[in-house]
Amino acid sequence: MDNSYKKRMQKKKAYIDSRIEAANIDKGIIVLLTGNGKGKSSSAMGMICRALGYDLKVGLVRFLKGAQDTGEDLFLNNHPNVTTALMESGFTWDTQDKEMDIQKALETWKKAKVFLQDPAIDLVVIDELTYMINYGYLDELSILKLLINRPQNQHVVITGRAASKGLIEASDTVSEIKDVKHAFRNNIRAQKGIDY
Ligand code: ATP
Ligand code: MG
């Protein structure tokens, strides 16, 4: 047996154990998933799945939901622990009606607000929120205020490209998913069960 390897691993284990011991705080966190690569919304749905496994209560808010139902919408639709609020409006280039988009964004945010003030909801997922801020449909400051003042143990997952500085600062965990390759660029259309 390589002695120096064993020593190195012992040292590593001691360090990891001490880090695990130091991390003894429980609190609701904000997870922000941004970047241009595929995997943001589907990761958020994965966390919903984790939460439901422990019988937690979930509030799901989806901005920019297009006409096509996603597999997870169909799957979660009648789940007793999931309450959903949808902004039934696609991207601006589809609707081409800014005033209506703003109105729908505000209506949807009102429902998000209810979730973010309800301590009985353990996890709030706000899908594609970043665009609402970047397009100027919703006011960043009032969103941040609500996030900061939410119930202490409530977790929030936010997705969308090009997250604003304010959202990044308010979040506890931030991942930027990098676009290395995407099948679409090889003319492969969105695939059921993978892309929607
Ligand atoms: P997913 O829902 O698959 O996790 P996402 O939330 O990271 O994707 P969005 O920007 O919300 O990405 O786009 C959703 C749809 O666009 C999905 O069908 C996804 O496969 C596709 N998509 C995501 N990134 C890219 C990309 N870089 N090029 C082309 N299509 C993409
Ligand atoms: Mg998405």
Two decimals is fine: what is log10 I(q)/I(0) at q = 0.11, 0.13, 0.14, 0.16 Å⁻¹ for the chain, from a Debye sum with one equal scatterer on every Cα and no solvent?
-0.57, -0.76, -0.85, -1.06
Using a 1.4 angstrom probe on the protein heavy atoms only, line up I188, I194 by accessible area, largest first.
I194, I188
Are there GluC sites (Glu not before Pro) in the range 83-187 that DSSP puts in a loop and that have at most 14 other Cβ atoms within 10 Å, and which ones?
E88
Would you work out which of A170, G160, S4 lies farthest towards the positive end of the dipole of the chain, given +1 charges on the beta-carbon of Lys and Arg and -1 on that of Asp and Glu, about the Cα centre?
S4
Among D118, D26, D73, which one shows the biggest mean-square fluctuation in a GNM of the chain, springs joining Cα atoms closer than 10 Å?
D26
If I build a Gaussian network model for the chain, linking alpha-carbon pairs within less than 10 angstrom, which residue out of I143, I20, I177 has the largest mean-square fluctuation?
I20
Over 30 Å between Cα atoms: which of K27/K181; K11/K40; K38/K113; K40/K145; K38/K98 fall into that group?
K27/K181; K11/K40
Before I look further, what does the chain give for accessible area per residue, probe 1.4 Å, in whole square angstrom?
65 Å²
For K57, distant residues with modelled amide H under 5 Å away:
D122, L123
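The values are calculated or read from the model by the stated rules, or taken from the named source; none is laboratory data. The model shown is predicted, which means the values in this text are computed figures rather than measured ones. Every residue, glycine among them, receives a Cβ derived from its backbone with ideal geometry; neighbour counts consider all protein chains shown. The accessibility values were calculated without ligands, DNA or RNA, using every heavy atom of the protein model including side chains. Shrake-Rupley method; radii C 1.70, N 1.55, O 1.52, S 1.80 Å.
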